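Asks: Provided herewith is a single structure, encoded as structure tokens, for subsequent inquiry.
The values are calculated or read from the model by the stated rules, or taken from the named source; none is laboratory data. Because the structure is a prediction, the values reported are computed rather than measured. All Cβ positions, glycine included, derive from the backbone under ideal geometry; neighbour counts span all protein chains shown. The accessibility values were calculated without ligands, DNA or RNA, using every heavy atom of the protein model including side chains. Shrake-Rupley method; radii C 1.70, N 1.55, O 1.52, S 1.80 Å.
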Amino acid sequence: LGMGMPGRAEAQDNEELVPNSFEDLTSYNNYYEFGTGKRDPADNAAALDTSDWTITVDGLVDNPGQYTVSELLDGLTPEERIYRFRCVEAWSAVVPWNGVELADVLAPLGIQDGARYVAFETVVQPENMIGVRRQVIPFPYVEGLRLDEAMHPLTLLATGLYGEPMPNQNGAPIRLVVPWKYGFKSIKSIVRISLVEEEPPATWNVINAREYGFYSNVNPNVSHPRWSQAEEREIGGGLFAAKKPTLMFNGYEDEVASLYDGMDLQEFF
Amino acid sequence: MVQTINGWLRKVPASWPLYIGVSFWAGWVFYRGATGALGPNPVEALEHEYGQLAIKLLILGLAVTPLRKWTGITLLRFRRAIGVSAFFLVLAHFTVWAVLDVQRLAGVWADIVKRPYITIGMAALLLLIPLGVTSNNWSIRKLGRRWRVLHRLVYPAAILAALHYVWLVKGFELEPYIYMAVILVLLAARVDWSRRLAPIFGTSRA
């Protein structure tokens, strides 16, 4: 795929993005429905039932309904996007996603005039999800984007990584990828997409608004109250690797900064 | 039964098996981290491994007295080695955090000052330093009664260590709360409640 593609390694530091190994990306995950340990999703997510998967589309759209993944992606061909992935916990990875632009999925649904935000919801399968039974955080996990963020060409609905169908622990069968935001915005295993007028709830923001803002754009200048966000540890680097500086908007500043023109990013963090 | 266990325990050397075991374990986990066996983020894994064993050993040390009171089993001979091992692991936990995780002295200081859960962890470490330094026969003789008073610093240190853990996690995880609860129970077990409560109930009758 072309080098001119947005998001592909044209960041400020001019560094070619080298993806982490499939093993790294599938053995170190946050997916609290399957436990809070980084290995828990890899160990427990085999129980996720992805058969008969449907996504409910509702709210301010002309064509609401229940869609299968293939219906939702009808006529679209997933492409590879190699993106930086920056977790709010100050570790990072490089992921070769396969997906389609969210905008291409939303447009045919007929977005109505009043729609200003997109809300997403993760599946809840208590019988298959040990973390849901333990109630470590409120479920279902929900997230949201402003409509212009959702329509940005960097924003993906991903259905795979490394050309493989999306592994369960990474959010099978379909998940969001918003590369300039902390990873928890990129909600996994989506079962509902709603076009709404008001800013929708976002799980971590609901749990602790002081620590997790609605926007949660990667920003080295805004510390998490409990740790600095100025640097990050690339996973897979071994015990002695140096940390590297975190880039504004995770390296996608040129592409997305204009979305936030005139906003105080310290306040809207 | 208790006598059999105590008799058996008396035959075990008081310190060196624990020192060798803990040192070997710490080296082994480090080796696993360096060779990729602890997953893609070995620094975090190593930090957690050392920190978790440290708090477990602190709890074991605090359990010695209640265990004797409740069951008659006495681990008193092992308590010094348990405490020194815990201190060693606290230092290892701190060193991994400072050297491999934060990596810069200025960053270490900034985190200690700015991040409450790190401030608390650091306070626990500082409280344990005089205990580590005086865990030898000479200090015990020299300090006399004051040694026992000094070593009560382990009580606040253990509470701070558990708080450090509770504060660190995202969302609701049971494990840090379990550590905190066990520590509080073990500390409460040291209080003579009938004597403490008698005057309160005695005077509140009026």
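Asks: Out of all the residues in the stretch B:140-156, is one or more touching a Phe, Trp or Tyr at 6+ places or on another chain (Cβ under 8 Å) and either within 14 Å of chain A (Cβ to nearest Cβ) or more than 21 Å from B:Ala54 (Cα to Cα) (or both)? Write out each step before concluding.
Replies: Quick first cut of the stretch B:140-156, residues touching a Phe, Trp or Tyr at 6+ places or on another chain (Cβ under 8 Å) only: B:140.
Right, trim to either within 14 Å of chain A (Cβ to nearest Cβ) or more than 21 Å from B:Ala54 (Cα to Cα) (or both) and you get B:140.
Yes, because at least one residue in the stretch B:140-156 is touching a Phe, Trp or Tyr at 6+ places or on another chain (Cβ under 8 Å) and either within 14 Å of chain A (Cβ to nearest Cβ) or more than 21 Å from B:Ala54 (Cα to Cα) (or both).
Asks: Check B:Gly21, B:Gly27 and return the single one that is more than 14 Å from chain A (Cβ to nearest Cβ), open to solvent by 20 Å² or more (accessible area, probe 1.4 Å), without any contact (Cβ under 8 Å) to a residue 24 or more places away in the chain and in a helix (DSSP H, G or I).
Replies: B:Gly21
Asks: Now, a different point. So, in the stretch B:170-183, of the ones that are modelled with pLDDT of 85 or more and over 13 Å from the mean Cα position of the chain (by Cα), which residue ends up nearest to the other protein chains (Cβ to nearest Cβ)?
Replies: Restricting attention to the stretch B:170-183, the residues satisfying the condition of being modelled with pLDDT of 85 or more are B:174-183.
Remaining after also requiring over 13 Å from the mean Cα position of the chain (by Cα): B:174-178, B:181.
Values: B:Leu174: 7, B:Glu175: 9, B:Pro176: 11, B:Tyr177: 12, B:Ile178: 13, B:Ala181: 17 Å.
Checking each candidate, the answer is B:Leu174.
Asks: Could I ask something else about it? Using the structure shown, decide if B:Asp101 is more than 30 Å from A:Glu23 (Cβ to Cβ), of a type in the set (Asp, Glu) and assigned to a helix (DSSP H, G or I). Show your work before the answer.
Replies: Details: more than 30 Å from A:Glu23 (Cβ to Cβ): no; of a type in the set (Asp, Glu): yes; assigned to a helix (DSSP H, G or I): yes.
So B:Asp101 fails the test.
Asks: Next up: Could you give me the residue pairs with C-beta distances under 7 Å whose first residue belongs to the stretch A:242-253 and is more than 14 Å from every other protein chain (Cβ to nearest Cβ), whose second residue is aromatic (Phe, Trp, Tyr) and assigned to a loop (DSSP other than H, G, I, E, B) wherever it lies, and which are 6+ apart or on separate chains?
Replies: Cβ pairs passing all conditions: A:Phe249/A:Trp180; A:Asn250/A:Trp180; A:Tyr252/A:Trp180.
Asks: Here's another thing I want to ask about it. Based on this model, can you work out whether B:Ala63 counts as more than 14 Å from chain A (Cβ to nearest Cβ) and modelled with pLDDT of 95 or more? Spell out the reasoning first.
Replies: On the way: more than 14 Å from chain A (Cβ to nearest Cβ): yes; modelled with pLDDT of 95 or more: yes.
Yes, satisfied.
Asks: Output the residues belonging to the stretch B:158-169 that are within 11 Å of chain A (Cβ to nearest Cβ) and out of contact with any Ser or Thr (no Cβ under 9 Å at 6 or more places or on another chain).
Replies: Taking the stretch B:158-169 first, the residues within 11 Å of chain A (Cβ to nearest Cβ) are B:167-169.
Result: B:Trp167, B:Leu168.
Asks: Quickly run through the stretch B:30-49 and pick out the residues that are of a type in the set (Val, Ile, Thr) and either surrounded by 14 or more Cβ atoms within 10 Å (Cβ to Cβ) or in a helix (DSSP H, G or I) (or both).
Replies: Going residue by residue through the stretch B:30-49, those that are of a type in the set (Val, Ile, Thr) are B:35, B:43.
The one that is of a type in the set (Val, Ile, Thr) and either surrounded by 14 or more Cβ atoms within 10 Å (Cβ to Cβ) or in a helix (DSSP H, G or I) (or both): B:Val43.
Asks: Which residues, taken from the stretch B:105-128, are within 29 Å of B:Arg80 (Cβ to Cβ) and open to solvent by 60 Å² or more (accessible area, probe 1.4 Å)?
Replies: Listed by number, the list holds a single entry, B:Leu126.
Asks: Taking the stretch A:57-68, which residues are open to solvent by 30 Å² or more (accessible area, probe 1.4 Å) and under 22 Å from A:Val196 (Cβ atoms)? Reasoning before the result, please.
Replies: Let us first name the residues in the stretch A:57-68 that are open to solvent by 30 Å² or more (accessible area, probe 1.4 Å), namely A:58-60, A:62-64, A:66-68.
Hits for the stretch A:57-68 are A:Asp58, A:Gly59, A:Leu60, A:Asp62, A:Asn63, A:Pro64, A:Gln66, A:Tyr67.
Asks: Return a yes/no flag: does the stretch B:76-90 have any residue that is within 14 Å of chain A (Cβ to nearest Cβ), of a type outside the set (Gly, Ala, Ser) and open to solvent by less than 30 Å² (accessible area, probe 1.4 Å). Can you show your working first?
Replies: Filtering the stretch B:76-90 for residues within 14 Å of chain A (Cβ to nearest Cβ) gives none.
Checking the stretch B:76-90: not a single residue is within 14 Å of chain A (Cβ to nearest Cβ), of a type outside the set (Gly, Ala, Ser) and open to solvent by less than 30 Å² (accessible area, probe 1.4 Å).
Asks: Ok, one more. With the condition kept exactly as written, say whether any residue in the stretch A:238-258 is more than 17 Å from the chain's Cα centre (by Cα), among the aromatic types (Phe, Trp, Tyr) and not in a loop (DSSP other than H, G, I, E, B).
Replies: No, the stretch A:238-258 contains no residue that is more than 17 Å from the chain's Cα centre (by Cα), among the aromatic types (Phe, Trp, Tyr) and not in a loop (DSSP other than H, G, I, E, B).
Asks: Taking B:Ala86 as the residue in question, decide whether it is under 26 Å from A:His224 (Cα atoms), assigned to a helix (DSSP H, G or I) and among the small types (Gly, Ala, Ser). Before the answer, list the steps.
Replies: On the way: under 26 Å from A:His224 (Cα atoms): no; assigned to a helix (DSSP H, G or I): yes; among the small types (Gly, Ala, Ser): yes.
It is false that B:Ala86 is under 26 Å from A:His224 (Cα atoms), assigned to a helix (DSSP H, G or I) and among the small types (Gly, Ala, Ser).
So that you can scan it fast, the table gives a plain yes or no per residue for (1) surrounded by fewer than 24 Cβ atoms within 10 Å (Cβ to Cβ); (2) on the phi > 0 side of the Ramachandran plot:
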{"position": "A:Asn128", "(1), (2)": "yes, no"}
{"position": "A:Leu145", "(1), (2)": "no, no"}
{"position": "A:Met166", "(1), (2)": "yes, no"}
{"position": "A:Pro173", "(1), (2)": "yes, no"}
{"position": "A:Tyr182", "(1), (2)": "no, no"}
{"position": "A:Gly213", "(1), (2)": "yes, no"}
{"position": "A:Ser216", "(1), (2)": "yes, yes"}
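Asks: Moving on to the next point. Sort out which residues of the stretch B:118-149 are β-branched (Val, Ile, Thr), under 30 Å from B:Glu47 (Cα atoms) and assigned to a helix (DSSP H, G or I), and write them in order of number.
Replies: As a first pass, look at the stretch B:118-149 and keep what is β-branched (Val, Ile, Thr): B:118-120, B:129, B:133-134, B:140, B:149.
In the following step, the residues that additionally are under 30 Å from B:Glu47 (Cα atoms) were identified as B:118-120, B:129, B:133-134.
Hits for the stretch B:118-149 are B:Ile118, B:Thr119, B:Ile120, B:Ile129, B:Val133.
Asks: Quick one: how many residues across the stretch B:50-73 are closer than 15 Å to B:Ala189 by Cβ and either β-branched (Val, Ile, Thr) or surrounded by fewer than 18 Cβ atoms within 10 Å (Cβ to Cβ) (or both)?
Replies: Adding up the residues that qualify gives 11.
Asks: Determine whether A:Gln112 is within 14 Å of another protein chain (Cβ to nearest Cβ), of a type in the set (S, T, N, Q) and open to solvent by 10 Å² or more (accessible area, probe 1.4 Å).
Replies: Working: within 14 Å of another protein chain (Cβ to nearest Cβ): no; of a type in the set (S, T, N, Q): yes; open to solvent by 10 Å² or more (accessible area, probe 1.4 Å): yes.
For A:Gln112, the condition - within 14 Å of another protein chain (Cβ to nearest Cβ), of a type in the set (S, T, N, Q) and open to solvent by 10 Å² or more (accessible area, probe 1.4 Å) - is not met.
Asks: So, one more: Need a quick list: strands (runs of 3 or more DSSP E) entirely within the stretch A:22-96 having at least 2 residues that are touching a strand residue (DSSP E or B) at 6+ places or on another chain (Cβ under 7 Å) and either over 19 Å from A:Val123 (Cβ atoms) or touching a residue at least 60 places away in the same chain (Cβ under 8 Å) (or both).
Replies: A:55-59, A:79-86
Asks: Is it the case that the stretch B:39-56 has a residue that's within 14 Å of chain A (Cβ to nearest Cβ), β-branched (Val, Ile, Thr) and free of Cβ contacts under 8 Å to residues at least 12 places away in the same chain? If you could, list the steps in order and put the result at the bottom.
Replies: Here is the first cut: in the stretch B:39-56, the ones within 14 Å of chain A (Cβ to nearest Cβ) are B:39-50, B:52.
With β-branched (Val, Ile, Thr) added as a condition, the list becomes B:43.
Pick out the ones that are also free of Cβ contacts under 8 Å to residues at least 12 places away in the same chain and you get none.
Checked the stretch B:39-56: no residue is within 14 Å of chain A (Cβ to nearest Cβ), β-branched (Val, Ile, Thr) and free of Cβ contacts under 8 Å to residues at least 12 places away in the same chain.
Asks: Hey, another quick one. Being touching a residue at least 24 places away in the same chain (Cβ under 8 Å) and open to solvent by 10 Å² or more (accessible area, probe 1.4 Å): is that true of A:Gln135 here? Spell out the reasoning first.
Replies: Working: touching a residue at least 24 places away in the same chain (Cβ under 8 Å): no; open to solvent by 10 Å² or more (accessible area, probe 1.4 Å): yes.
No: the conditions fail for A:Gln135.
Asks: Restricting the search to the stretch B:154-206, which residues are open to solvent by less than 50 Å² (accessible area, probe 1.4 Å), closer than 22 Å to B:Leu67 by Cα and in contact (Cβ under 8 Å) with a residue 24 or more places away in the chain?
Replies: Selection gives B:Val154, B:Ala157, B:Ala158, B:Ala161, B:Ala162, B:Tyr179, B:Ile183, B:Leu186, B:Leu187, B:Ala189.
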